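Since the structure comes first, as structure tokens, the remarks are kept for the end.
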Amino acid sequence: MNIDSNELQQVAATATAAAADAPRVDMYAGIHKAMRALMADTLLALGRMDCDDGLELAQTTQQVLALMDACASHLKHENEFIHAALEARAPGASAVIAHEHDDHLAHIGRLAGAATALLRTPAAQRPAAVLALYRDLSLFIAENFHHMHVEETAHNAVLWARYTDAELEAIHDALVASIPPEEMMGIVRWLVPFMNPAERTALLADMRAKAPEAVFHAVLDAARPHLTQGEWTKLARSLGLPPVDGLVAV
């Protein structure tokens, strides 16, 4: 059985209405919030960059390259785990998005090359090169925002129709377990701060139950500088954490 893009849209419309009444395990929601946040922050940084400031140029270029690495890794995880799950029970369901993944990888290569070239571009030519990169990155991000919406609706609809929540949790846990610690800590910086309080608590409570205590506290330490005091207080209270730095979660 093959599923084309029109069928995916029809299934997505039906499943979206049903999900409002009975929320299901969503493997895309959290990581896509993180990716959107990283993309937006990088685009803003590039747009406001002083390209005549060597340090700022180097730091912003590095952020663009880090975004490209994160995007490539994200595509790999989706291909190996989520697309594999889709194809196992709904052959053809991932075909459209898989083709877009190939296009995105080619675009990632071009953007990374343009960002690296900025460091060697003569000062007089740099503003034009930065503007060109900014515009190209804008298009890449726009494409990815649409792409992620399709995954969150059409792909989730297929997954929810063919997998139980327990099975989806097992796939997600296997995906997370495959991520090297250094990469995971980089994701956490964008993942935890840009969730809403309920999502934040659910993620960290699950992590606390499944990961070593040292890992749980390392994640808290990585996320806390990027949370407001109010967000941290809500999180600490929801997790039953003890007072820290003289502050009590009340």
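With R₀ fixed at 30 Å, the C-beta to C-beta distance from Thr228 to Ala128 puts the FRET efficiency at about 0.20.
Inter-label distance, Asp69 to Glu87: 2.8 nm, where each label sits 7 Å from its Cα along the C-beta direction. By accessible area, using a 1.4 Å probe on protein heavy atoms only, the chain has 60% of its surface on carbon and sulfur.
Largest GNM mean-square fluctuation across Glu199, Glu167, Glu182, computed for the chain with C-alpha springs under 10 Å, falls on Glu182. Measuring r between the beta carbons of Ala106 and Lys210 and using R0 = 35 Å, the FRET efficiency lands at 0.45.
Kindly identify the stretch 191-237 as rounded, prolate or oblate by the Cα gyration tensor criterion: order the square roots of the eigenvalues as a ≥ b ≥ c, call it rounded if a/c is under 1.5, otherwise compare a/b with b/c, prolate if a/b is larger, else oblate. Taking the square roots of the gyration eigenvalues as a ≥ b ≥ c, the stretch 191-237 is prolate. Listed by chain and number, the aspartates and glutamates placed with their C-alpha closer than 12 angstrom to that of Lys76 are Asp102; residues fewer than eight positions away on the same chain are left out.
Along the positive direction of the dipole of the stretch 106-160 (beta-carbon charges: Lys, Arg +1; Asp, Glu -1; about the Cα centre), which of Leu133, Ala154, Thr121 reaches farthest? Farthest towards the positive pole: Thr121.
Does the chain come out rounded, prolate or oblate, given a ≥ b ≥ c as the square roots of the eigenvalues of its C-alpha gyration tensor, rounded meaning a/c under 1.5 and, failing that, prolate meaning a/b above b/c? Here the chain falls in the oblate category. The simple Förster model, with R0 at 45 Å and r as the Cβ-Cβ distance, assigns Asp136 and Met185 a FRET efficiency of 0.95. With each label modelled as a point 7 angstrom along the Cα→C-beta vector, the Arg36-Asp52 pair spans 3.8 nm. Kirkwood analysis of the stretch 111-170, using all unique Cα-Cα pairs, places the hydrodynamic radius at 14.5 Å.
The values are calculated or read from the model by the stated rules, or taken from the named source; none is laboratory data. Bear in mind that the values here come from a model prediction, so they are computed numbers and not experimental data. Cβ sites come from the backbone with ideal geometry, for glycine too, and all protein chains shown count toward neighbours. Ligands, DNA and RNA are stripped out before the accessible areas are found, and what is left, the full protein with its side chains, is counted by its heavy atoms. Shrake-Rupley method; radii C 1.70, N 1.55, O 1.52, S 1.80 Å.
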